[in-house]
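Report on one structure; see the data block that follows.
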Amino acid sequence: MRKLIYASTFLGLLISSLNSMAAPKWAKKGDTLEKCKGIAKKGMNDCGANGHDCGGKALKDNDPNEWVYVPKGVCLKIAGAKIYKTKKI
């Protein structure tokens, strides 16, 4: 149960810091990021999906088509998440 609480807290902080298609502010040059689908909270996605073209327009929590950037290796540790694409910045 503690792992779930820690993971949820980490995920909430991570998602709240993401807001555009550009590499997130926390990412450093040389980092590898993954687009992680199915974990974005309502209004907290990083970019277009489901017929819209911008971040912050997810209509519901955990939509399987909405995504957020996460550091490589994190996405598959989150229940219900799937890797959409990997990107090196």
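Just so it is clear, none of the values below were taken in a lab; they were calculated from the coordinates. All values reported here derive from a predicted model rather than from experimental measurement. Backbone-built Cβ (ideal geometry, glycine too); neighbour counts: all protein chains shown.
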How do the peptides 27-37, 59-69 rank, highest first, by the average count of neighbouring beta carbon atoms within 10 Å per residue? 59-69, 27-37
What is the distance, in nm, between label points placed 7 Å from the Cα along the Cα-to-Cβ direction at Leu59 and at Met1? 3.6
